[in-house]
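Colleague: One structure follows; several queries about it will come next.
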Amino acid sequence: MVPGATAFPWPGGRRAAVSLTYDDAVPSQRVQAARQLGARQLPGTFFVLGKSEDLSRHRREWQALLGAGHELGSHTIHHPCDCSHSWVPRGYTSQDYDLPRMSAELDQTQQLLAELGAPVPHTFAYPCGETQVGQPPQSYVPLVSERFLAARGVEARVADPWSDALEQVPAIDGARAAAELLQLVDQAEAAGGWLVLLFHGVGGDHLPVALEAHEALLEQLANRRGAIWTETFRNVAAYVSACRAKQA
Ligand SMILES: [Zn+2]
């Protein structure tokens with residue numbers, strides 16, 4: 001928070017917000033993360049990837065996440081990332097894209113969300129946290145801003161609800177030990193901020209957080225509901241946006 005600024009008026013007098021976000025639509029999220037969240041009635045945001053095999057195979061179960069109070073957001077169809085990553089298929093690197101191609105893919109990803117039944121406005125997470133495509137690189141942030149309520153960036157810190165741009169909200173990788181995750185929640189509370197955690201695998205798949213660490217975090221968030229507002233990325237972004245408009 002900006003020194004001297006008033007504390008952000010989180011709903012119900014709470015002192016901070018936390019959004020739990022999950023990228024790439026991998027099986028451990030649909031199974032493990034959804035189960036742990038459901039057991040505590042905590043909402044999460046799943047930034048699904050159009051090309052995800054698990055999404056094709058278990059489409060109904062992914063859709064069911066909406067009914068359980070979770071958010072489905074966009075993480076593109078093909079996950080374009082810099083060509084320096086050897087795992088990015090050639091033809092789908094950021095360098096292979098230009099703005100019209102990215103624009104078309106963003107339309108496609110919104111179409112997918114609509115087909116899945118995800119209500120508008122939608123939100124977005126930049127693949128690899130990259131915001132540029134093409135050669136020479138050009139920002140596609142404006143393309144995202146005109147389509148999405150908010151987007152998750154990758155600057156690794158607690159977001160300031162008064163001043164951080166909703167088109168690139170800072171987020172912290174949650175693949176950490178339980179103690180570190182709990183510390184981040186404390187840090188958000190002390191700052192009156194918005195902690196956006198990004199996860200990949202949960203107890204499996206790639207770049208995973210351990211199941212026990214994820215569970216300990218959720219347990220803490222459930223126990224501290226009165227002080228910490230755990231809400232989807234979309235709902236917090238909408239709330240933040242409304243508070244700012246009121247203040248202006
Ligand atoms: Zn990703």
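Since every read-out is calculated from the coordinates, none of them should be taken as a lab result. On a predicted model such as this, the values are computed, not experimentally measured, just so you know. All Cβ positions, even for glycine, are placed from backbone atoms using ideal geometry, and neighbour counts span all protein chains on display.
Colleague: Pairs of alpha-carbon atoms within less than 8 angstrom and 6+ residues apart define the contacts here; what relative contact order does the chain have, in percent?
Modeller: Numbers: 479 pairs, mean separation 70.6, N = 248.
So the answer I get is 28 percent.
Colleague: Ok, one more. In a shell of Cβ-Cβ distance under 13 Å around G226, excluding G226 itself, what net charge do Lys and Arg (+1) and Asp and Glu (-1) give? If you can, show how the numbers build up before the last one.
Modeller: Working: positive: R14, R15, R224, R225; negative: E189.
So the surrounding residues net to +3.
Colleague: Quick one: angle between helix 211-223 and the longest Cα principal axis of the chain, in degrees between 0 and 90, rounded to 10, please.
Modeller: The angle comes out at about 40 degrees.
Colleague: Give me the distance in nm between label points sitting 7 Å out from Cα along the Cα-to-Cβ direction at A222 and D173, one decimal.
Modeller: Label at A222, label at D173, 2.8 nm between them.
Colleague: Give the distance, in whole Å, between the Cα centre of the stretch 36-72 and the Cα centre of the stretch 162-236.
Modeller: Distance between centres, Cα-based: 17 Å.
Colleague: Please list, in order along the stretch 174-189, the HN-Hα scalar couplings obtained from phi with the Karplus expression 6.51 cos²θ - 1.76 cosθ + 1.60 (θ = phi - 60°), rounded to whole Hz, x for Gly and Pro.
Modeller: For the stretch 174-189, the Karplus curve yields x, 6, 9, 6, 3, 4, 5, 5, 5, 5, 5, 5, 4, 4, 5, 5 Hz.
Colleague: Relative to the Cα centre, what is the charge dipole magnitude of the chain, using +1 at the beta carbon of each Lys and Arg, -1 at the beta carbon of each Asp and Glu, and rounding to the nearest 20 debye? Walk me through the intermediate numbers first.
Modeller: Numbers: 20 positive and 27 negative charges, 138 e Å.
With Lys and Arg at +1 and Asp and Glu at -1, about 660 debye.
Colleague: Here's another thing I want to ask about it. Could you give each residue of the stretch 142-147 its phi-based ³J(HN,Hα) in whole Hz, using Karplus coefficients 6.51, -1.76, 1.60 with θ = phi - 60°, and x for Gly or Pro?
Modeller: Per residue, the Karplus-derived 3J(HN,Hα) values read x, 5, 6, 4, 6, 10 Hz.
Colleague: Skipping prolines and chain starts, which residues have an amide H placed within reach, meaning under 5 Å, of the one on Q138, given they are 5 or more residues away or on another chain?
Modeller: For Q138, whose amide H was placed from the backbone, the distant partners under 5 Å are V133.
Colleague: Can you give the FRET efficiency to the nearest 0.05 for Q183 and A104, using r as the Cβ-Cβ distance and R₀ = 45 Å? All intermediate terms of the calculation are to be shown ahead of the outcome.
Modeller: On the way: r = 42 Å, r/R0 = 0.94.
Working from the Cβ atoms, E equals 0.60.
Colleague: Same structure, new question: Taking amide hydrogens as modeled 1.01 Å from N in the peptide plane, which residues meet the under 5 Å criterion relative to Y97, leaving out close sequence neighbours?
Modeller: Amide H neighbours of Y97: G134.
Colleague: What fraction of the DSSP beta bridges in the chain is antiparallel, stated in percent and rounded to the nearest 5?
Modeller: Values: 3 of 28 bridges.
Within the chain, antiparallel bridges account for around 10 percent of the total.
Colleague: Let me ask you something else. To the nearest 500 deg cm²/dmol, what mean residue ellipticity at 222 nm is calculated for the chain from DSSP H runs of n ≥ 4 alone, each contributing -39,500 (n - 2.57), summed and divided by the residues? Walk me through the intermediate numbers first.
Modeller: Working: 8 runs with 85 residues, N = 248.
My calculation for the chain gives -10500 deg cm²/dmol from helical runs alone.
Colleague: Right, here's the next one. Pull up all non-local amide H partners of T45: gap of 5 or more, or a different chain, and H-to-H distance under 5 Å with H placed in the peptide plane.
Modeller: Residues meeting the amide H criterion: L20, T21, Y22, E71, F233.
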